[in-house]
Every structure is written in C-alpha cells, then in structure tokens.
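**Student:** Please read through the structure below; I'll follow up with questions.
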Amino acid sequence: QSSAGGDCEGLHASADAQHGQTGVESAPRELRFGDVVVDAAGYTLTRAGETTELSRRELELLCFFAEHPGQVFRRDELLDRVWGRDSASGPRTVDTHVLKLRKRIEADPEAPAHLVTVRNVGYKFLS
C-alpha cells in the first residue's frame with residue numbers, strides 16, 4: 001500500500017490532460033490511504049467498495065492535504081492555496097468542502113481519522 005504523500009503530485013497533471021486535451025494518454029494515477037482509493041483521472045473516490053464522483057475542487061483539496069500530511073492549515077491558507085488568491089470564496093467554503101470530503105473518505109465522519117479539525121486553527125490530513 002502506497003502512502004498518501006507523493007502520489008498526488010502527478011494527479012493534477014494527469015487529470016488535466018485527460019479532461020482538457022483530446023488524444024493525450026496519461027497513466028492512471030491513484031491516491032491510497034486507509035480503505036480509500038482516489039482515481040484522479042476519473043474524478044472518483046472508492047471507499048469500502050462504494051464509488052462516488054468528486055468535483056474538481058474536492059479532488060484538488062484532497063490532493064493538497066495528501067501532499068502535506070500532518071501539516072495544519074488555516075482556512076485562509078487553504079483558500080489561497082487551493083482556491084487561489086483571487087477567489088471570492090470565504091472560510092465557510094472550506095468548511096463545506098471538508099464536510100463533503102469527510103462524508104466520502106471517513107468511516108465515521110463525526111469522528112474523522114483522516115481529515116481532522118485542529119481546534120481554533122484549521123485542518124490537517126492524516127494518512
């Protein structure tokens with residue numbers, strides 16, 4: 001089983017190539033942690049045998065966290081680094097996306113094991 005870190009770096013390029021340009025062949029890229037498998041090219045996530053689709057932003061956020069395991073990020077940092085500095089989105093946008101991801105990746109979203117809240121600070125990812 002591969003770790004979360006390092007697998008995501010090529011996910012963006014692979015997914016962009018598959019969704020943005022015709023005729024571009026990309027090797028399928030996967031991110032694995034716990035019982036979760038993320039297929040970036042297909043924008044899908046499978047946990048416990050159940051597959052769901054991911055939005056582009058959900059994929060980007062999950063990959064960002066996976067590229068920085070154990071590192072705590074404030075909501076404003078996540079907005080800057082995932083949504084971009086010019087985004088009109090606010091901190092609640094981050095919360096909403098984290099909640100959506102937890103429902104998809106956690107066995108118990110109310111007691112998350114991977115996408116963890118750091119009280120009065122922000123969020124961190126544990127693979």
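The values are calculated or read from the model by the stated rules, or taken from the named source; none is laboratory data. Since the structure is predicted, the reported quantities are computational estimates derived from the model, not experimental observations. In this analysis, Cβ positions are derived from the backbone assuming ideal geometry, glycine residues included, and neighbour counts consider all displayed protein chains. These area figures cover heavy atoms from the full protein model, side chains too; ligands, DNA and RNA do not enter into them. Shrake-Rupley method; radii C 1.70, N 1.55, O 1.52, S 1.80 Å.
**Student:** Every residue in region 40-57 that is open to solvent by less than 50 Å² (accessible area, probe 1.4 Å) and touching a strand residue (DSSP E or B) at 6+ places or on another chain (Cβ under 8 Å), please.
**Tutor:** Residues satisfying the conditions are Ala40, Tyr43, Thr44, Leu45, Thr46, Thr52, Leu54.
**Student:** If Gly42 satisfies every condition in (1) at pLDDT 95 or above; (2) not in a helix (DSSP H, G or I) but one, which is the exception?
**Tutor:** (1)
**Student:** Among the numbered conditions (1) touching an Asp or Glu at 6+ places or on another chain (Cβ under 8 Å); (2) within 22 Å of Thr52 (Cβ to Cβ); (3) exposed (fewer than 14 other Cβ atoms within 10 Å of the Cβ), tell me where Lys100 comes up short.
**Tutor:** Checking Lys100 against (1) touching an Asp or Glu at 6+ places or on another chain (Cβ under 8 Å); (2) within 22 Å of Thr52 (Cβ to Cβ); (3) exposed (fewer than 14 other Cβ atoms within 10 Å of the Cβ), the one that fails is (3).
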